[in-house]
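To keep things clear, I will list the structure first and then write my remarks on it.
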Amino acid sequence: SNEELPSTDIITLTRHVLAQQFQLGAIATGDLTLLLTAIQTTSKFIATNVRKARLINLVGLAGNSNVQGEEQKKLDVLSNDIMVNSLRASGKTAVLVSEELEEAVIIEDKFKGKYCVVFDPLDGSSNIDAGVNIGTIFGVYQIAPGSKGTISDVLRPGSEMVAAGYTMYGSSCNLVLSTGNGVNGYTLDTALGEFILTHPDIKIPSRGKIYSFNEGNSMYFHKPVVNYLNSIKYPTTGKLPYSARYIGSMVADVHRTLLYGGIFGYPDDKKSKSGKLRLLYEAFPMAYLTEQAGGVASTGHGRILDVVPTNIHQRCPVFLGSRDDVNDLIRFYEEYE
Ligand code: AHG
Ligand code: MN
Ligand code: MN
Ligand code: MN
């Protein structure tokens with residue numbers, strides 16, 4: 001019969017990354033692959049804790065605040081500790097920056113490697129207790145030649161990242177990754193404990209039909225954003241209005257935007273002078289993935305990946321998604337310049 005048999009040739013994330021490195025003809029040492037293996041393991045470890053959080057008393061507050069003044073959830077702290085431990089032990093890292101740690105972690109010589117990892121261990125904290133999608137976001141830099149690994153190795157524009165990705169803990173667990181050669185998505189096969197290539201070469205549609213903003217902040221929004229949102233809600237010349245989708249977990253909102261197209265935005269406004277999202281471990285990795293998928297990622301005034309950080313926890317306005325949609329928004333900014 002013509003019925004398709006299950007594949008006997010599955011492509012795991014590790015196999016796929018190795019094959020890509022090989023194809024690029026890079027003088028690959030395997031170090032990046034090993035680092036990504038460590039990151040994959042942390043995502044599996046976090047995923048299993050997320051799944052049983054309600055059962056093992058892992059919901060609710062940890063009792064402390066982080067450097068941004070947010071109350072830490074138990075899962076924020078657990079996920080942070082999982083990542084720091086694993087990334088240190090990998091022997092491939094030199095500097096770690098986490099949303100949950102005020103200072104950068106400089107890895108001691110014994111474990112020092114050549115990569116710096118910036119990460120949001122648990123993104124979408126406010127959604128944990130309701131069982132809504134949450135995630136992990138990461139970006140990877142290589143230390144500058146001759147550097148021993150200092151803070152200056154991570155205070156660099158996002159365009160210098162060598163890899164970025166996120167894992168979404170949703171109805172399935174998906175890891176989406178770019179090593180600078182397009183974007184690929186992998187789904188965790190929980191029986192195998194492996195991420196399997198399920199979304200090869202993700203490309204964002206050049207225009208979408210969905211906008212994703214926290215419109216509850218409308219009274220604080222600046223004119224270009226207000227006018228842009230009005231233009232897609234009350235279109236002229238026979239066009240249909242856009243649909244609204246806003247989960248409140250950046251990972252989930254960006255994941256949908258990559259697959260379906262449209263625009264995700266977290267603007268700066270009259271209350272939050274630089275917006276809410278953090279440049280290093282939220283804006284940069286997501287902007288990197290967006291561009292690698294053929295989309296646009298802007299602050300409203302310029303390319304996100306060109307911003308030069310001065311502080312590891314600084315914030316940045318974010319608009320990203322389909323090329324035509326984000327360019328429409330940028331035109332509203334240009335009107336006010
Ligand atoms: P985190 O949970 O890592 O602190 O990030 C929360 C972020 C991001 O996930 C999301 O896009 C945004 O906060 C939602 O903010 P609002 O609740 O203000 O809409
Ligand atoms: Mn937080
Ligand atoms: Mn976050
Ligand atoms: Mn977080």
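Considering only residues that are within 16 Å of ligand 2 (Cβ to nearest atom), among the charged types (D, E, K, R) and not in a loop (DSSP other than H, G, I, E, B), look in region 102-126 and name the one that is farthest from residue 162 (Cα to Cα).
Quick first cut of region 102-126, residues within 16 Å of ligand 2 (Cβ to nearest atom) only: 102, 118-126.
If we keep only those that are among the charged types (D, E, K, R) as well, we get 102, 120, 123.
Applying the additional criterion that residues be not in a loop (DSSP other than H, G, I, E, B) yields 120, 123.
Values: 120: 17, 123: 21 Å.
Step by step, filter region 102-126, then rank; the result is 123.
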- Select, from 157, 200, 205, the only residue that is within 22 Å of residue 294 (Cβ to Cβ), over 18 Å from the mean Cα position of the chain (by Cα) and modelled with pLDDT of 95 or more. 205
- Among the numbered criteria (1) of a type in the set (Gly, Ala, Ser); (2) surrounded by 16 or more Cβ atoms within 10 Å (Cβ to Cβ); (3) over 30 Å from residue 52 (Cα atoms); (4) out of contact with any Lys or Arg (no Cβ under 7 Å at 6 or more places or on another chain), which single criterion is violated by residue 216? (2)
- Query: Among the residues of region 229-253 satisfying the criterion of being touching a residue at least 60 places away in the same chain (Cβ under 8 Å) and within 16 Å of ligand 2 (Cβ to nearest atom), which is farthest from residue 161 (Cα to Cα)?
  - Reply: 247
- Note on the structure: Of the residues in region 78-101, those that are within 16 Å of ligand 3 (Cβ to nearest atom) and assigned to a loop (DSSP other than H, G, I, E, B) number 3
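Filter region 210-238 down to residues that are in a loop (DSSP other than H, G, I, E, B) and farther than 21 Å from residue 334 by Cα and give me whichever is modelled with the lowest pLDDT. If you could, list the steps in order and put the result at the bottom.
Taking region 210-238 first, the residues in a loop (DSSP other than H, G, I, E, B) are 213-214, 222, 234-238.
With the extra rule that they be farther than 21 Å from residue 334 by Cα, the set shrinks to 214, 237-238.
Working: 214: 98, 237: 85, 238: 88.
Applying the filter and picking the extreme gives 237.
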- Residue pairs meeting the criteria (Cβ under 8 Å; at least 6 apart or on separate chains; first under 20 Å from residue 33 (Cβ atoms), in region 138-165; second of a type in the set (Phe, Trp, Tyr) and in a helix (DSSP H, G or I)): 138/281; 139/281; 139/284; 139/288; 161/284; 161/288; 164/284; 164/288
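Say we look at region 73-90 and pick out the residues that are hydrophobic (A, V, I, L, M, F, W, C) and closer than 11 Å to residue 111 by Cα; which of these is nearest to ligand 4 (Cβ to nearest atom)?
Step one: filter region 73-90 for residues hydrophobic (A, V, I, L, M, F, W, C), giving 75, 77-78, 82-84, 87, 89.
Cutting the leftovers down to closer than 11 Å to residue 111 by Cα gives us 87, 89.
Details: 87: 16, 89: 22 Å.
Residue satisfying both the conditions and the ranking: 87.
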- Message: Of everything in region 98-134, what is touching a residue at least 24 places away in the same chain (Cβ under 8 Å) and under 23 Å from residue 30 (Cα atoms)? Give them in sequence order.
- Response: 106, 107, 112, 113, 114, 115, 116, 117, 118, 119
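Based on this model, can you work out whether residue 123 counts as within 19 Å of the chain's Cα centre (by Cα) and modelled with pLDDT of 95 or more? Reasoning before the result, please.
Details: within 19 Å of the chain's Cα centre (by Cα): yes; modelled with pLDDT of 95 or more: yes.
Yes.
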- Item | When residues of region 95-120 are limited to those that are within 16 Å of ligand 4 (Cβ to nearest atom) and out of contact with any strand residue (DSSP E or B) (no Cβ under 8 Å at 6 or more places or on another chain), the one farthest from residue 309 (Cα to Cα) | 101
- Task: Might you check whether a residue that is within 15 Å of ligand 2 (Cβ to nearest atom), touching a strand residue (DSSP E or B) at 6+ places or on another chain (Cβ under 9 Å), over 16 Å from residue 152 (Cα atoms) and of a type in the set (Gly, Ala, Ser) occurs anywhere in region 127-136?
- Result: yes
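What are the residues in region 128-139 that are crowded, with 24+ Cβ neighbours inside 10 Å and among the β-branched types (Val, Ile, Thr), if any? Write out each step before concluding.
The first filter runs over region 128-139 and keeps only residues crowded, with 24+ Cβ neighbours inside 10 Å, leaving 134-139.
Those that are crowded, with 24+ Cβ neighbours inside 10 Å and among the β-branched types (Val, Ile, Thr): 134, 136, 137.
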- Task: May I ask you to list the residues in region 51-73 that are within 16 Å of ligand 3 (Cβ to nearest atom) and charged (D, E, K, R)?
- Result: 70, 71, 73
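The values are calculated or read from the model by the stated rules, or taken from the named source; none is laboratory data. Bear in mind the structure is a predicted one, so any value in this text is a computation, not a measurement. Positions of Cβ are backbone-derived with ideal geometry, glycine not excepted, and every protein chain shown enters the neighbour counts.
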